[in-house]
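Throughout, read-outs are computed from the coordinates displayed, never taken from laboratory work. Owing to the predicted nature of the structure, the values given are computational and were not obtained by experimental measurement. Here the Cβ positions follow ideal geometry from the backbone for every residue, glycine too, while neighbour counts run over all protein chains shown.
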Amino acid sequence: MKLWYSPASPFVRKCLILAHERDLADKIELMDAAANVVSPDQRIMASNPTGKIPTMVLEDGTVLFDSRVICAYLDSIHDGKKLTPRSGAKRFEIMTLEALGDGIMDAAVNNRYETALRPAEFQWKPWSDGQMGKVNAALDQIEEKWLKSLGRTPNMGSITIAAALGYLEFRYPDLKWRKNRKGLARWFKRFSARPSFIASKPD
Ligand code: BEZ
């Protein structure tokens, strides 16, 4: 299977962490996308009109997007413990934690586009503050109520939160998100040592 990707994308990283955790990485051919928000990669647009990465193309030509769908697919093709429980309350708990991680990534990537790509004269600080407000509120909620769900062994929620925190480290090195979030900082230190996290690190 082929994965249209950019090493900087936290949504791609989430898929790659999963793939490494379940021995699927060797089965994935990484395809360098030449995508950006104003000029999407036409090779991706041909099968995914949103032009977004990650986009996955299976051997039979089936196209999968977005990262949640790709991760659900990857989780369906290995014989190990499922990263999203198949049923019960725990399933929805882990899916909600995944959505929270995706929300952090959405807000942080949106703000990155605003501050790094949009011409300075068009940038709107209240909008940027709003995006980073969401990031901070989500991190506060994780510290207050999600540490147990993050757990010691990876699940789809914890993988997504790790990818989100990895992106904050990469693009927002001055954010100091660990302040007053000691539990999350401890958890992330442990997760950061996992081979899957190291192997998927952006250059
Ligand atoms: C980035 O460079 O920050 C980035 C690249 C691709 C997708 C999302 C973010």
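Overview of values
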item: Diffusion coefficient, µm² s⁻¹, Stokes-Einstein with Kirkwood Rh over alpha-carbon pairs of the chain at 25 °C and 0.890 mPa s; result: 140 µm²/s
item: Residue exposure sequence - 4, 146 - by fewest surrounding Cβ within 10 Å; result: 146, 4
item: Of the DSSP H helices in the chain, those whose Cα atoms cover at least 30 Å axially and whose Kyte score averages -1.0 or more; result: 89-112
item: ³J(HN,Hα), Karplus 6.51/-1.76/1.60, whole Hz, each residue of segment 48-55, x for Gly, Pro; result: 10, x, 7, x, 7, 10, x, 10
item: Contour excess over end-to-end distance, with Cα ends at residue 199 and residue 73 and 0.36 nm allotted per residue; result: 43.3 nm
item: Loop-located GluC sites (Glu not before Pro) in segment 1-83, at most 11 other Cβ atoms within 10 Å (DSSP); result: 59
item: DSSP bridge pairs, the chain: antiparallel proportion in percent, nearest 5; result: 55 percent
item: Value at 222 nm in deg cm²/dmol, rounded to 500, when DSSP H runs of n ≥ 4 in the chain each add -39,500 (n - 2.57); result: -15500 deg cm²/dmol
item: Net charge of neighbours whose Cβ lies under 14 Å from the Cβ of residue 41, counting Lys and Arg as +1 and Asp and Glu as -1; result: +2
item: Relative contact order for segment 109-189, counting Cα pairs under 8 Å that sit 6 or more residues apart, in percent; result: 31 percent
item: Relative exposure of 160, 153, judged by other C-beta atoms within 10 Å (fewest first); result: 153, 160
item: Debye, to nearest 20: dipole size of the chain, +1 on Lys, Arg Cβ, -1 on Asp, Glu Cβ; result: 960 debye
item: Relative contact order for segment 47-162, counting Cα pairs under 8 Å that sit 6 or more residues apart, in percent; result: 27 percent
item: Among 67, 76, 87: highest mean-square fluctuation, GNM of the chain, C-alpha pairs under 10 Å; result: 87
item: Whole-Å distance, taken between Cα centres, linking segment 88-149 and segment 1-43; result: 21 Å
